[in-house]
Amino acid sequence: MTHRSLARRLLAHVATDHLSVRRAFPRAALTRVEEAIAAGERRHRAQICFAVEAALHPAHILRRLTPRERALEVFGLLRVWDTEENAGVLVYLLLADHDIEIVADRGAARAAGPHAFEPIAAHMEEAFAGGRFVDGVVAGIDELSALLAMHFPRLAEGPNELPDRAVVL
């Protein structure tokens, strides 16, 4: 990362705040995301968690913390790994970077394959580039649910191991 791009990233993170998240994801939008998670989990046994974070602390930017590294931290903090079948999946959006990271627990990652989530994240980022954050997240969760249903089909009622509510960090 060049000095110029680091400075540009730092500025984006300083300028993005919780109000930015509320503008992109008002309560009705978060409800749509939560409904998409619940609908998907009726089709598969995996567990999806959506988290959006406005920006990173400037010290993290200067340390060059990547969105992927932060997503891995959030995966642990939210205990997405704590499911019976090791099939928790975090969809993490770092709003300042317009970056989506999909982190899957070992059961889901092994079943889907090492690169299965990349096209889903790319489709979501395409929507973000057009300012369609909610539509991008909902479409991505639908696409992710279709993939998870192939590997973890829901055959009967089961527990909802992770809350479906969207997490705003």
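List of remarks:
- Sole exception among (1) among the aromatic types (Phe, Trp, Tyr); (2) within 14 Å of residue 166 (Cα to Cα); (3) not in a strand (DSSP E or B) for residue 92, by number: (3)
- Leading residue by the ranking (surrounded by the fewest Cβ atoms within 10 Å (Cβ to Cβ)) among those in the stretch 27-42 that are touching a residue at least 40 places away in the same chain (Cβ under 8 Å) and basic (Lys, Arg): 42
- The set of residues in the stretch 76-89 that are closer than 19 Å to residue 34 by Cβ, surrounded by 15 or more Cβ atoms within 10 Å (Cβ to Cβ) and not aliphatic (A, V, I, L, M) comprises 83, 88.
- Matching residues, the stretch 101-146, being assigned to a loop (DSSP other than H, G, I, E, B) and of a type in the set (D, E, K, R): 105, 132
- Wholly enclosed helices (runs of 4 or more DSSP H) of the stretch 1-83 bearing at least 2 residues out of contact with any helix residue (DSSP H, G or I) (no Cβ under 8 Å at 6 or more places or on another chain): 3-15, 18-24, 27-41, 67-77
- For the stretch 73-110, residues that are free of Cβ contacts under 8 Å to residues at least 60 places away in the same chain and within 11 Å of the chain's Cα centre (by Cα) total 13.
- Selection from the stretch 56-72 of residues that are crowded, with 16+ Cβ neighbours inside 10 Å and either within 14 Å of the chain's Cα centre (by Cα) or over 26 Å from residue 6 (Cα atoms) (or both): 67, 70, 71
- If only residues of the stretch 111-163 that are under 15 Å from residue 25 (Cβ atoms) and among the charged types (D, E, K, R) are counted, the one that is farthest from the chain's Cα centre (by Cα) is 132.
Every number in this text was worked out from the coordinates using simple rules, so none of it is lab data. Since the model is a prediction, treat every value here as computed from it, not as a measurement. In this analysis, Cβ positions are derived from the backbone assuming ideal geometry, glycine residues included, and neighbour counts consider all displayed protein chains.
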